[in-house]
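Asks: Here's a structure for you.
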Amino acid sequence: MSRYNFKSVETKWQNYWEKNKSFKAKINPSKKKFYCLEMFPYPSGKIHMGHVRNYTIGDVLARYKSLQGYNVLHPMGWDSFGMPAENAAKQNNLDPKKWTEENILNMKTQLKKLGLSIDWEREISTCNKDYYKHQQAFFLELYKKKLVYRKENYVNWDPVDETVLANEQVINGKGWRSGAVVERKKLSQWFFNISKFSQKLLDGLEKLDNWPNKVKTMQKNWIGKSFGCEIDFKIEGNLPVKNIKCFTTRPDTLFGFSFLALSVDHEVSKYFEDNKDFLIFKEECSKTGTTEEAIAVGEKIGFKTNLLAVNPLNPKQKVPVYFANFVLMDYGFGAVFGCPAHDQRDFDFAKKYDLEIKTVVRPHDKDEKFRVDKEAYPGPGILINSNILNGLRAPENSILETIKILEKKKIGKKQINFRLKDWGVSRQRYWGCPIPIAYDENGKPYPIPRSMLPVELPENIDLNVKGNPLDNQNNWREVTINGKKLLRETDTLDTFVCSSWYYLRFCSPNETEYGFKKDDIDYWMPVDQYIGGVEHAILHLLYSRFFMQALSHDNDNFNILEPFDGLFTQGMVCHETYKDPDDNWLSPDEIENIDGKKYLKRDKTKAVLVGPSESMSKSKKNTVDPENIIADYGADSARLFILSDSPPAKDVQWSEEGIISSFKFIQKLWKLNEKILKEINKGHKQDFDNEISKFTNKYLKKVHDNLENFSYNKIIANLYEMYSFLNKQIEKAYTKPTLVENYQKILVAMTPILPHFANECLSLIEAKNLSWPKYDVSMLKEEAIKIVIQINGKKRGLVQSKPNINEEKLFEIIKNDEKIKKYLIQKNIKKKIYIKDKLLNIII
RNA sequence: GGGCGAAUGGCGGAACUGGUAGACGCGCACGACUCAAAAUCGUGUUUCGCAAGAAGUGAGAGUUCGAUUCUCUCUUCGCCCACCA
């Protein structure tokens, strides 16, 4: 008996695939295509277990589809622009480009060791000018279509680092690097007009049948469509303000109106620019940051103006106008009408400033005397104290009726509002795709002509400056267009732009004229199965969908509206956490197991505190390096284990025991393989029975069904069952053709999971023409079945029978059965329920 | 505060449209081999009970001959969003 040498076998097959270009994808109109894509990685330097899981899941599918006869496109690339490179370069005085390229090389080697079926000839990297050149062209294309524009917008500003921070980089109101309190600052930024497609992006979700509902609802909520009404309020006071528009979803509560609140950025604020108190108030508001959860919990504050707003349905009523910190400028009109009785936020505000709280809706189970007291009542009911609206049912007909009245009086109209905001793509960063725009001395933007693309990033520049390093590159900034001296835009594009179209590029990775070739995308797109983490459920997936909308806008040549036909979101990889007695995190390789307990390796008298399993992170040190795992146990073991323990959609817990047992199982399969080879060579003259063929068929059906449903964990269970069956059954003597036929089918069905091992075994039985084995339905039928006997719904016995037995016959058998008989003595049988070949329930 | 989802042995998880709960794995126990250990192989492993048997899928109700699966109420946990007018 030889030991399975995974090192030589895995290297052998990886070299074989590379030499034979086994996974090269070529257009072939006579074959059905399958585009299998996993979210491409950021080249941080090393692959992590999350990558191993993501790419293994994708590889199982790609290999399965390929065996089924599909023409599979399974590419890989690098999302290689972004802050980590810039930060690493800053800290270690390196060139981001060099840093990134080295990382890519390293990670590519690691990925290859996993034995992925990737067409590496299509590899792309977004920081490569051959890639971002086309991205700049797309930017200009959208600019021409007026889907890109510039506007002033608030950003999170780190005053110490002099840079803009993404929302995720603001932690408790402070910059993640500097720790400085983040300010709100107005900057002129480039925007993609994603909100123009709100309705289309919403409608598109309906057709995405192969997307998880969870992701669809997340996108739906993010787009946030709401139905309501815009109301024009007349304003009285000593300022030249005549009207203020508000958006509301509850126009029916208009008689409960008691204040009008404006955003501090509302145009009315211009009349208060010299008002000291207002400026102090505005300052106060900006301190709360832009996106903090604290805002929601935070106190509502207001600044009272001397303006009065008139209730359009009750002109005698005039209420004060405030500026308030809770009103957002970029939703609705930056102004809200306050109805404290039926909105908790308005209620809090009214309590604080002692404003009227007028109840205008009573719950169905309360009478006219109902008054809102301790908290707002936002629920359904009947309108009261509302003059002409009294008696209407809220919300069933009250909202529409009110809108009708307002429309008739021309003081309001029906409106649909979306929460989705335009996508700000400007980043004050060096390591990103330059925006192909230049400005004249008046700040007027000019697009860089296509012939001058790409706008290349200058290399080897000093990054250790405050703010955006590109601002200091005066030589680079100067550009002459049509004889005009201009200065380049120094902002670079958000890296999400790079990942919004990379799947198109994989179809035509070498096309030079444009981002893709029409023939290529016509054949390969859309992506049939996209696989990645849920963390991208909103932004990346929505931006990609937007990009397709934008490209097809006013363009008859491009009609892909949804880039990803199928989406699968996999769970995270978790590991137990460990701490030493001094409360410091410990990594798994600092720990030793002694008698089932965990001790410090360097001091074995000290016990280790074992914490809950959490997603692998550097800060908690509960990471495991895939490189070591592959070196110690092999890629097939790693693949087997990462798939075995949990359904792919859920989190999986990595454990030492788990990977070891997977490793051992492959050794067992190898021993079984030798046993089978021996049996094949024995040349038995006759088959002992046909159990082995029946088993193979049943097994193939299970594996097939589980592959189709992403139940990859169950396939591993099937594998174990297969092992124990064959291990016992094989010795009963089968002829060579029977053994080879069945074993070959089993091995082919194993290749998606254990590609190296299965291919090695297949070569040993000299298998040719490998394609996915179909199961024979007629072989699935059972000759003997087990029927459950229940008395009053409780299981009391199990009877073996031939299929298609009728109720009477079955009852004849069981009424004499020892186990059942005793329950039936001296009992009247009221009823019998028989589910054919499955179950007989006797009611007594 | 809003939305979505989940809850099954010591653990990860099975159970297709309601029909044998706990497949498969880990862990554990016992046994075989061994001077011994590791490795390997075998047996067992939901709980209570010597057994017959009984209970049992977060809690409580309901529908049903029959509920892990369907309905309602509640609890806990997870994820997403967050002053959205």
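Asks: Just the residues that are small (Gly, Ala, Ser) and outside any loop (DSSP other than H, G, I, E, B), please, taken from the range A:216-231. Walk me through it before giving the result.
Replies: Let us first name the residues in the range A:216-231 that are small (Gly, Ala, Ser), namely A:224, A:226, A:228.
Those that are small (Gly, Ala, Ser) and outside any loop (DSSP other than H, G, I, E, B): A:Ser226, A:Gly228.
Asks: A further question follows. Taking the options A:Lys668, A:Lys664, name whichever one is under 29 Å from A:Ser724 (Cβ atoms), modelled with pLDDT of 90 or more, out of contact with any Phe, Trp or Tyr (no Cβ under 8 Å at 6 or more places or on another chain) and surrounded by fewer than 18 Cβ atoms within 10 Å (Cβ to Cβ).
Replies: Criteria check complete, one pass: A:Lys664.
Asks: Hey, another quick one. Within the range A:679-695, can one find any residue that is of a type in the set (Val, Ile, Thr), at pLDDT 95 or above, surrounded by 14 or more Cβ atoms within 10 Å (Cβ to Cβ) and more than 9 Å from RNA strand B (Cβ to nearest atom)?
Replies: Within the range A:679-695, not a single residue is of a type in the set (Val, Ile, Thr), at pLDDT 95 or above, surrounded by 14 or more Cβ atoms within 10 Å (Cβ to Cβ) and more than 9 Å from RNA strand B (Cβ to nearest atom).
Asks: Every residue in the range A:427-450 that is small (Gly, Ala, Ser) and at pLDDT 95 or above, please.
Replies: A:Gly432, A:Ala438 - these are the residues of the range A:427-450 that are small (Gly, Ala, Ser) and at pLDDT 95 or above.
Asks: Further, regarding this structure: For the subset of the range A:234-249 comprising residues that are over 30 Å from A:Asn397 (Cα atoms) and in contact (Cβ under 8 Å) with a residue 60 or more places away in the chain, which member is nearest to RNA strand B (Cβ to nearest atom)?
Replies: The qualifying residue nearest to RNA strand B (Cβ to nearest atom) is A:Val241.
Residues checked against (1) in contact with a strand residue (DSSP E or B) (Cβ under 9 Å, 6 or more places away or on another chain); (2) assigned to a loop (DSSP other than H, G, I, E, B); (3) surrounded by 15 or more Cβ atoms within 10 Å (Cβ to Cβ):
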| site | (1), (2), (3) |
| --- | --- |
| A:Ile805 | yes, yes, yes |
| A:Lys809 | yes, no, no |
| A:Ile813 | yes, no, yes |
| A:Asn816 | no, yes, no |
| A:Tyr823 | yes, no, yes |
| A:Ile829 | yes, yes, no |
| A:Ile833 | yes, no, no |
| A:Asp837 | yes, yes, yes |
| A:Leu840 | yes, no, yes |
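Asks: Something else: What number of residues within the range A:484-531 satisfy the criterion of being over 22 Å from A:Phe34 (Cβ atoms), among the hydroxyl-bearing types (Ser, Thr, Tyr) and in contact with a helix residue (DSSP H, G or I) (Cβ under 6 Å, 6 or more places away or on another chain)?
Replies: 2
Asks: What number of residues within the range A:759-768 are hydrophobic (A, V, I, L, M, F, W, C) and outside any loop (DSSP other than H, G, I, E, B)? Break it down stepwise before answering.
Replies: The initial filter retains those residues of the range A:759-768 that are hydrophobic (A, V, I, L, M, F, W, C), namely A:761-762, A:764-765, A:767.
Adding the requirement that they be outside any loop (DSSP other than H, G, I, E, B) leaves A:761-762, A:764.
Of the residues in that region, 3 qualify.
Asks: In the range A:789-839, what residues are of a type in the set (Lys, Arg), within 10 Å of RNA strand B (Cβ to nearest atom) and at pLDDT 80 or above?
Replies: A:Lys794, A:Lys795, A:Arg796, A:Lys830, A:Lys831, A:Lys832, A:Lys838
Asks: Another question, if that's okay. Which ones in the range A:718-758 are in a helix (DSSP H, G or I), touching a residue at least 24 places away in the same chain (Cβ under 8 Å) and under 35 Å from the mean Cα position of the chain (by Cα)?
Replies: A:Leu719, A:Tyr720, A:Met722, A:Ile746, A:Val748, A:Ala749, A:Met750, A:Pro755, A:His756, A:Phe757
Asks: A further question follows. Within the range A:232-251, work out how many residues are crowded, with 19+ Cβ neighbours inside 10 Å, assigned to a strand (DSSP E or B) and either at positive phi or out of contact with any Lys or Arg (no Cβ under 7 Å at 6 or more places or on another chain) (or both).
Replies: Total satisfying the criteria: 5.
Asks: What is the number of the single condition among (1) touching a strand residue (DSSP E or B) at 6+ places or on another chain (Cβ under 8 Å); (2) of a type outside the set (Ser, Thr, Tyr); (3) at negative phi that A:Lys216 does not meet?
Replies: Against the list (1) touching a strand residue (DSSP E or B) at 6+ places or on another chain (Cβ under 8 Å); (2) of a type outside the set (Ser, Thr, Tyr); (3) at negative phi, A:Lys216 comes up short only on (1).
Asks: Using the structure shown, decide if A:Val321 is at pLDDT 90 or above, more than 8 Å from RNA strand B (Cβ to nearest atom) and buried (at least 20 other Cβ atoms within 10 Å of the Cβ).
Replies: Yes.
Asks: Shifting gears a bit: For A:Lys579, all conditions in the list (1) in contact with a Leu (Cβ under 7 Å, 6 or more places away or on another chain); (2) touching a residue at least 40 places away in the same chain (Cβ under 8 Å) hold save one; what is the number of the exception?
Replies: Only one criterion is unmet by A:Lys579, namely (2).
Asks: Anything in the range A:727-740 that is buried (at least 16 other Cβ atoms within 10 Å of the Cβ) and not aliphatic (A, V, I, L, M)? List them, or say none.
Replies: A:Tyr734, A:Thr735, A:Thr738
Asks: Of all the residues that make up the range A:211-231, how many are surrounded by 13 or more Cβ atoms within 10 Å (Cβ to Cβ), more than 30 Å from A:Lys318 (Cα to Cα) and touching a residue at least 60 places away in the same chain (Cβ under 8 Å)?
Replies: Count: 9.
Asks: Take the residues of the range A:1-16 that are in contact with a Lys or Arg (Cβ under 9 Å, 6 or more places away or on another chain) and buried (at least 18 other Cβ atoms within 10 Å of the Cβ): which is farthest from A:Asp59 (Cα to Cα)?
Replies: Per the stated criteria, the residue is A:Tyr4.
Asks: Looking at (1) in a loop (DSSP other than H, G, I, E, B); (2) touching a helix residue (DSSP H, G or I) at 6+ places or on another chain (Cβ under 8 Å); (3) among the hydrophobic types (A, V, I, L, M, F, W, C); (4) more than 10 Å from RNA strand B (Cβ to nearest atom), find the lone condition where A:Phe326 falls short.
Replies: (4)
Asks: With the requirement that a residue be in contact with a Lys or Arg (Cβ under 9 Å, 6 or more places away or on another chain), without any contact (Cβ under 8 Å) to a residue 60 or more places away in the chain and within 28 Å of A:Lys409 (Cα to Cα), what does the range A:364-388 give you?
Replies: Answer for the range A:364-388, where residues must be in contact with a Lys or Arg (Cβ under 9 Å, 6 or more places away or on another chain), without any contact (Cβ under 8 Å) to a residue 60 or more places away in the chain and within 28 Å of A:Lys409 (Cα to Cα): A:Pro378, A:Pro380, A:Gly381, A:Ile382, A:Ile384.
Asks: Out of (1) more than 16 Å from RNA strand B (Cβ to nearest atom); (2) acidic (Asp, Glu); (3) free of Cβ contacts under 8 Å to residues at least 60 places away in the same chain, the odd one out for A:Asp632 is which?
Replies: Against the list (1) more than 16 Å from RNA strand B (Cβ to nearest atom); (2) acidic (Asp, Glu); (3) free of Cβ contacts under 8 Å to residues at least 60 places away in the same chain, A:Asp632 comes up short only on (1).
Asks: List pairs: first residue in the range A:648-670 and free of Cβ contacts under 8 Å to residues at least 24 places away in the same chain and at positive phi, second residue within 9 Å of RNA strand B (Cβ to nearest atom) and of a type outside the set (A, V, I, L, M, F, W, C) anywhere in the structure, Cβ distance under 8 angstrom, at least six positions apart or on different chains.
Replies: Note: no pairs meet the criteria.
Asks: With respect to A:Gly228, determine if the residue is in contact with a Cys (Cβ under 6 Å, 6 or more places away or on another chain) and within 15 Å of RNA strand B (Cβ to nearest atom).
Replies: no
Asks: For residues that are part of a strand (DSSP E or B) and surrounded by 24 or more Cβ atoms within 10 Å (Cβ to Cβ), scanning just the range A:337-362, find the one that is nearest to RNA strand B (Cβ to nearest atom).
Replies: Going through the qualifying residues, I end up with A:Phe337.
Asks: Looking at the range A:193-218 only, could you name the residues that are among the polar types (S, T, N, Q) and more than 17 Å from A:Gly424 (Cβ to Cβ)? Spell out how you get there, then give the answer.
Replies: Of the residues in the range A:193-218, the ones among the polar types (S, T, N, Q) are A:193, A:195, A:198-199, A:210, A:213, A:217.
Answer for the range A:193-218, where residues must be among the polar types (S, T, N, Q) and more than 17 Å from A:Gly424 (Cβ to Cβ): A:Gln199, A:Asn210, A:Asn213, A:Thr217.
Asks: I need the full set of residues from the range A:406-463 which are small (Gly, Ala, Ser) and in a strand (DSSP E or B), in order please.
Replies: Correct list: A:Gly412, A:Gly424, A:Ser426, A:Ala438.
Asks: Additional query: Within the range A:15-35, can one find any residue that is more than 17 Å from A:Ile124 (Cα to Cα), at pLDDT below 95, of a type in the set (D, E, K, R) and part of a helix (DSSP H, G or I)?
Replies: no
The values are calculated or read from the model by the stated rules, or taken from the named source; none is laboratory data. No experiment lies behind these values; they were computed from the predicted model shown. Cβ sites come from the backbone with ideal geometry, for glycine too, and all protein chains shown count toward neighbours.
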